[in-house]
Amino acid sequence: MIYTWVIRLAVPFAFAGILWRGLRDRSYWQGLGERFGRVRPRPSPGIWLHAVSLGEMSAAAPLVRALHARYPQLPLVLTTATPAGRARAQALFAALADVHFLPYDTPGSVSRFLERTRPRIAIIMETELWPNLFRECQRRAIPVVLASARLSAKSVARYRRFGALFSGLFSNVTVAAQSTEDAERFKSIGAAADRTRAIGNVKFDLAVDAGLLGTGEILRAAYGGRPVWVAGSTHAGEEEQLLEAHALLQKHRPDALLLLAPRHRDRFAAVADLLARRGITFARRSVPAATDVLPVAAAVLLVDTLGELAALYASAEVAFVGGSLVPIGGHNLLEPAALGLPVLTGPSHENGKDIARLLLRQGAALEVSNAHELAALLLRLFYDPAERRRIGAIGKEIVESNRGSVERLLALIEPLLPAAHPPAAAAQAYPSRER
């Protein structure tokens, strides 16, 4: 099979990239054997869920908790593709699940992983289509569910172009799509109509607990009563625009504070260098003193930690969600909306187009296209607390009224669990492939 040979040729280069990145960030050197399916064997069959990175793992949290509550007798295995996603999964679910990296999509790695984890069902968040993995699941009679699945028009064209590589991919797959549009796109590339449903986006089921709000209050006290906005999940080329907007804002509100949270850990140093080059006085969230009382002179708090974005949103008055002023596709707008914050976004939000459209249409989110527009909007919101509360209340209501996707997803999953053959029997019927 051409695809398999391409993957086999690509894996050495991908693994070399992991080793190279590990020279700067040692978290890339964790679990190296896991990328080849070398994980600790599970003593009994269970549920396997995959979320590719930190954002998807955070979005999957309500589903993971619901699966554990409904099937406490079934062990959980969580996989991800990035160190940040792995760290997030361990922080959230170390007591509930085994956490590993997803293996490379070679027959040997996939076979080894499935043999050792023994899943009764595979739940893949959003859109991760791995032909060898899916075919090996089919060979072992392991049902696959694409959960909260989405597919862009551009992706449809790509899958059609390489249709032969993905032939039969959906033979054993149930698609729980985010929208009717997504469901139709999956059907257009081979998903079975009778196993494809639009169930909504599990991101609406995110939890907002008292502990999170309490942490936000503690952080806010450390800011000393200053007007605070947070820019979450930012990218290269975007921080420059955000810092320009903050400088314009400070001409009118010199005490304004920006909480700047880059999306990826390996960019923390680069953003710190950017701040230093611009002569901006800043504090680092990773420095313990910054968690007590923030220095008055600090114009920016660089959030060089992971897993705290929700608490930082809870500590601010306005939220900008990154990946949207540059052509990345945007990140999760619902997290700040659920906390009752006005949500600001750039024009790029293809990764969550339906959510962005809903929030923008109903006035819970506001779109800006450059630093000047962002600064003007921030200034207006900081001078009008009633308007902040009004916009925030709309977003909070949208999140509350759209909850329930997790329950609809569980209703699709439940019939598949009894239907799955016990992995031990499947292993006898289908001897493992290459090692």
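Taking +1 at the Cβ of each Lys and Arg and -1 at the Cβ of each Asp and Glu, which of PHE162, ALA193, SER179 sits farthest along the dipole of the chain towards its positive end, judged by Cα position relative to the Cα centre?
PHE162
If you wrap a convex hull around the C-alpha atoms of the range 170-313 and split its volume per residue, what is the figure in Å³? Kindly include the intermediate steps, with their values, before the conclusion.
Working: hull volume 23.8 nm³, N = 144.
With only Cα atoms used, the range 170-313 gives 165 Å³ per residue.
Show me, bin by bin at 10 Å from 0, the whole-percent P(r) of the range 334-413 based on Cα pairs.
18, 45, 27, 8, 3
Pull out the extension gain between ALA376 and GLU217, defined as 0.36 nm times the separation in residues minus the alpha carbon to alpha carbon distance; nm, one decimal. Present the calculation step by step, with values, prior to reporting the outcome.
On the way: separation 159, 0.36 × 159 = 57.24 nm, distance 2.66 nm.
Here the segment from ALA376 to GLU217 would lengthen by 54.6 nm.
Over the Cα atoms, compute the radius of gyration (one decimal) and Dmax (the largest Cα-Cα distance, rounded to a whole number) for the chain, in Å.
22.5, 72
Describe numerically, in nm with one decimal, the distance between label points set 7 Å from Cα along Cα→Cβ at ARG26 and at ARG8.
3.6
Could you pull out the longest piece of the chain with no exposed loop chymotrypsin sites (Phe, Trp or Tyr not before Pro) in it, calling a site exposed if DSSP puts it outside H, G, I, E, B and it has at most 16 other Cβ atoms within 10 Å? It would help to have the intermediate numbers written out before the result.
Numbers: sites that count: PHE162, TYR383.
Value returned for the longest uninterrupted segment is 163-382.
Which ³J(HN,Hα) values, rounded to whole Hz and listed in residue order, are derived for the range 134-139 from phi using the Karplus coefficients 6.51, -1.76 and 1.60 in 6.51 cos²θ - 1.76 cosθ + 1.60 with θ = phi - 60°, glycine and proline given as x?
Going residue by residue, I get 5, 5, 5, 4, 5, 4 Hz, with x marking Gly and Pro.
Which aspartates and glutamates does LYS251 reach when only Cα atoms under 18 Å apart count, and residues fewer than 8 places away in its own chain are ignored?
GLU240, GLU373, ASP384
Going by alpha carbons, how many degrees (0 to 90, nearest 10) lie between the helix axis of 210-222 and the longest principal axis of the chain?
For 210-222 against the chain, the angle is about 40 degrees.
Counting Lys +1, Arg +1, Asp -1, Glu -1, what net charge surrounds ILE413 among other residues with beta carbon under 15 Å of its beta carbon? All intermediate terms of the calculation are to be shown ahead of the outcome.
Numbers: positive: ARG65, ARG70, ARG120, ARG195, ARG197, ARG408; negative: ASP205, GLU407, GLU414.
Net local charge, ILE413 excluded: +3.
In degrees, nearest 10, range 0 to 90: what is the angle between the Cα axis of helix 107-117 and the longest Cα principal axis of the chain?
Orientation of helix 107-117: about 80 degrees from the principal axis.
Over the range 260-413, what is the mean sequence separation of C-alpha contacts under 8 Å (at least six apart), divided by residue count, expressed as relative contact order in percent? List each step's numbers first, then the result.
Numbers: 214 pairs, mean separation 26.9, N = 154.
Relative contact order of the range 260-413: 17 percent.
Decide, for the range 201-273, between rounded, prolate and oblate: order the square roots of the alpha carbon gyration tensor eigenvalues as a ≥ b ≥ c, take rounded if a/c falls under 1.5, and otherwise choose prolate if a/b is larger than b/c, else oblate.
In terms of gyration-tensor shape, oblate.
Can you give the extra length, in nm with one decimal, that the chain gains between ARG357 and LEU96 once fully stretched, where that is 0.36 nm per residue apart less the Cα-Cα distance? Before the final figure, lay out each step's value.
Numbers: separation 261, 0.36 × 261 = 93.96 nm, distance 3.55 nm.
Fully extending the segment from ARG357 to LEU96 adds 90.4 nm.
Where does helix 371-382 land angle-wise versus the long Cα axis of the chain, in degrees 0 to 90, nearest 10?
Relative to the chain, helix 371-382 is tipped by roughly 70 degrees.
Would you kindly derive the ³J(HN,Hα) couplings of the range 227-238 from the backbone phi angles with the Karplus curve 6.51 cos²θ - 1.76 cosθ + 1.60 (θ = phi - 60°), listing them in order in whole Hz, with x for Gly and Pro?
With coefficients 6.51, -1.76 and 1.60, one gets x, 10, 10, 10, 10, x, 6, 8, 10, 4, x, 9 Hz.
Summing -39500 (n - 2.57) over the DSSP H runs of n ≥ 4 in the chain and dividing by its residue number, what mean residue ellipticity at 222 nm do you reach, to the nearest 500 deg cm²/dmol?
Working: 18 runs with 193 residues, N = 435.
Rounded to the nearest 500, the figure is -13500 deg cm²/dmol.
Read-outs: derived from the displayed coordinates by stated rules, not from any lab. On a predicted model such as this, the values are computed, not experimentally measured, just so you know. A quick note on method: Cβ atoms are made from the backbone with ideal geometry, for glycine too, and the neighbour counts reach across all protein chains shown.
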